[in-house]
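The values are calculated or read from the model by the stated rules, or taken from the named source; none is laboratory data. Only a predicted model underlies this, so the values are computations on that prediction, with no experimental measurement involved. Because the Cβ atoms are built from the backbone with ideal geometry, glycine has one as well, and the counts that use them run over all protein chains shown.
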Amino acid sequence: MLDTMENLLRYTGAMRRDPRIEAWFSLTDPHRLMTRVWFERMRGCGDDVRELLHDGCPIACVGDAPFGYVNAFKAHAAAGFYYGAMLPDPAGLLEGRGKRMRHVKLRPGTPPNDEGIGELIAAAYADIRERLRATKIG
């Protein structure tokens, strides 16, 4: 259920294409390479998607409101969602215990659930658009 009374997280500096993100992906870290396809899916959600590098990882936004991110760690990579706790997750992919954020771990040698992750990305994009719409009329 959408809580229209909450304040949305906003980031300044989001742009259509942030060149720092291409630099982030250009490193030969295999975990970063695993996330590229998912960030491209986030980028492709709509003409209103903007991006920025924040806290060292690529963030996808609608305008200045983030909905998804990718990141690489020592043992795995992740595709994450700012309001993931509120998203439908029929495949049971989301992990995390925070109030809002959830992520999907991506591990080398383990094929990702392409359909499930794609559905989460689409749901996260639709969710943030609805949150933005609700804050304008609320």
Residues of the range 8-46 satisfying the condition of being among the polar types (S, T, N, Q) and surrounded by fewer than 19 Cβ atoms within 10 Å (Cβ to Cβ): Thr12, Ser26, Thr28
Subset of the range 90-138 (residues that are of a type in the set (D, E, K, R) and surrounded by fewer than 17 Cβ atoms within 10 Å (Cβ to Cβ)): Glu95, Arg97, Lys99, Arg100, Arg107, Asp114, Glu115, Glu130, Arg133, Lys136
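Quick grid of which residues meet (1) modelled with pLDDT under 95; (2) closer than 18 Å to Ala60 by Cβ; (3) in contact with a strand residue (DSSP E or B) (Cβ under 9 Å, 6 or more places away or on another chain):
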{"position": "Ala78", "(1), (2), (3)": "no, yes, yes"}
{"position": "Tyr83", "(1), (2), (3)": "no, yes, yes"}
{"position": "Gly92", "(1), (2), (3)": "no, no, no"}
{"position": "Arg102", "(1), (2), (3)": "no, yes, yes"}
{"position": "Glu119", "(1), (2), (3)": "no, yes, no"}
{"position": "Ala123", "(1), (2), (3)": "no, yes, yes"}
Qualifying residues in the range 8-66 (those that are over 17 Å from Tyr125 (Cα atoms) and among the aliphatic types (A, V, I, L, M)) - the one modelled with the lowest pLDDT: Leu27
Given (1) in contact with a helix residue (DSSP H, G or I) (Cβ under 8 Å, 6 or more places away or on another chain); (2) within 13 Å of Leu9 (Cβ to Cβ); (3) surrounded by 13 or more Cβ atoms within 10 Å (Cβ to Cβ), number of the condition Ala78 does not satisfy: (2)
Some residue of the range 47-59 being part of a helix (DSSP H, G or I), of a type in the set (A, V, I, L, M) and either touching a His at 6+ places or on another chain (Cβ under 9 Å) or buried (at least 20 other Cβ atoms within 10 Å of the Cβ) (or both): no
